[in-house]
Ligand code: ATP
Ligand code: MG
């Protein structure tokens, strides 16, 4: 029986890992330029953390979680997103006593049982940041600027930043009443998902991508027109801070995070270059989350940035970096069986000096060994033949200049001195 990778998962093959390491390396650099420190949380958590922390009414919780149990006692879920786990760790590890704000980032796999399509898989990777302990609009602007900066660093263009405010529990209560009245008479023309959202999470109806729902909600009252003074001035300040950071944006009153613990700022970076998967990065403020999962009230803001979507976008825009061929140090070509054994020892010596070294372990002909060394992109080939080795010397071929010369076997490292 032959097995395939599970639906919606992908192997990242050796030809692609250098690109991944490059992109991940850049994200580590970017995070540190903004003063974020890396956190790594478990790949699975108690399922309840996500149903509370992400929200019972969200797609992630209602449809997309991979859950499992080991005993009857506990239900676990593969991490579908990073924020709830980071906030859980912040509370559990007493990070509120650290100098504020606490700025954390992660590069981690997420798991969601969705229908796989281009740019939408069941295991994917997010670069995410979370800032905890600051309620200011300038922190929201800084969060957004990390994403804008990253997109610029990767050479991406044609991405539009949309921002909105989803209010707070104070202003949202009165707004939900208005919105529910509006939606009630239109339920019949909305998709089944939105019919149930209308009761649990009415604001989410506004960002449904279905045409029927968009038509049905045209003219719906908007949160943005119903903000309390505090939320309205936060939103205004955010716009000033974005302008000061020289970040362009559009206000889009239909962007929604949509549960009580999401507050004020919501934002998305959208592109037309990824087909129907238009969001590259999305985030917002979640001032009520820590309390919801058992901590002290702690303001927070963050985003999740999909790395697979970033790579697709880089490809679509022709900005994938040329990482060049990787050059390995030396290849020991052996001319006889004793030399093949000796090669193992010389290769170990090279490695301990930090020089990548490879040998032939398949007893191939010299011609085949040379072909292999060429494929490996070895910088030097060192020919080992018993007669010469016994005198401590070997012939070297510089694979770049094609020059051939003899060297003292104790001096291989000096080949790399230049
Ligand atoms: P979408 O509307 O595309 O489903 P979302 O609102 O579920 O996105 P978030 O939970 O905000 O997305 O996640 C942030 C980012 O993570 C997205 O903007 C996207 O880049 C990436 N992402 C989310 N789900 C997937 C997935 N299934 N496959 C690949 N990337 C994803
Ligand atoms: Mg989704």
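For a footprinting-style exposure proxy, rank 263, 271, 328 by other Cβ within 10 Å, fewest first.
With the sparsest Cβ surroundings first, the list reads 328, 271, 263.
Calculate how many DSSP beta bridges within the chain are antiparallel, expressed in % of all such bridges and rounded to the nearest 5.
If I count the DSSP bridges inside the chain, around 80 percent turn out antiparallel.
Can you tell me how segment 137-194 classifies by the Cα gyration tensor, rounded, prolate or oblate, using a/c under 1.5 as the rounded cut?
oblate
Top mean-square fluctuation among 70, 234, 16, Gaussian network model of the chain, C-alpha springs under 10 Å?
Evaluated over the chain, the most mobile residue of the options is 70.
To the nearest 500 deg cm²/dmol, what mean residue ellipticity at 222 nm is calculated for the chain from DSSP H runs of n ≥ 4 alone, each contributing -39,500 (n - 2.57), summed and divided by the residues?
Rounded to the nearest 500, it is -10500 deg cm²/dmol.
Quick check: from the Cα gyration tensor, does segment 207-343 come out rounded (a/c under 1.5), prolate or oblate?
prolate
Using the alpha-carbon atoms, what tilt in degrees (0 to 90, nearest 10) does helix 83-92 show relative to the longest principal axis of the chain?
Roughly 90 degrees between the two axes.
On a 0 to 90 degree scale, rounded to 10, what angle separates helix 17-33 from the longest Cα axis of the chain?
60
Which angle between 0 and 90 degrees, to the nearest 10, do you get for helix 307-316 versus the longest principal axis of the chain when only C-alpha atoms count?
80
Order these peptides, 357-367, 338-348, by their mean beta-carbon neighbour count within 10 angstrom, highest first.
Descending packing order for the listed peptides: 338-348, 357-367.
Per the Cauchy relation, a quarter of the hull surface: what is the mean projected area of the convex hull of the alpha carbons in segment 297-418, in nm²?
Its average projected convex-hull area is 13.3 nm².
Could you work out which residue, out of 222, 238, 323, moves most in a Gaussian network model of the chain, that is, has the largest mean-square fluctuation with Cα springs under 10 Å?
Maximum among the listed residues: 323.
With a cut-off of 8 Å between alpha carbons and a minimum separation of six or more residues, what is the relative contact order of the chain in percent?
14
To the nearest Å, what is the center-to-center distance of segment 9-42 and segment 247-287, using C-alpha atoms only?
23
Is the shape of segment 61-151 rounded, prolate or oblate, going by the alpha carbon gyration tensor and its root eigenvalues a ≥ b ≥ c, with a/c under 1.5 for rounded and a/b larger than b/c for prolate?
oblate
Determine the relative contact order of segment 134-240: mean sequence separation of Cα pairs under 8 Å and six or more apart, normalised by residue count, in whole percent.
38
For the chain, report the % of Cα-Cα distances exceeding 27 Å.
I get 61 percent for the Cα pairs in the chain exceeding 27 Å.
What whole-number distance in Å separates the alpha-carbon centres of segment 43-77 and segment 163-211?
Cα centres, segment 43-77 to segment 163-211: 24 Å.
With a 10 Å cut-off between alpha carbons and a GNM built on the chain, which of 397, 112, 285 moves the most?
Between 397, 112, 285, it is 397 that shows the largest mean-square fluctuation.
To the nearest µm²/s, what D does Stokes-Einstein give for segment 169-285 at 10 °C and 1.306 mPa s, using the Kirkwood radius over alpha carbon pairs as Rh?
Translational D for this selection: 104 µm²/s.
Every number in this text was worked out from the coordinates using simple rules, so none of it is lab data. Note that the coordinates shown come from a computational prediction; the quantities given were computed from them, not determined experimentally. Ideal geometry is used to build each Cβ from the backbone, glycine not excepted, and the neighbour counts take in all protein chains shown.
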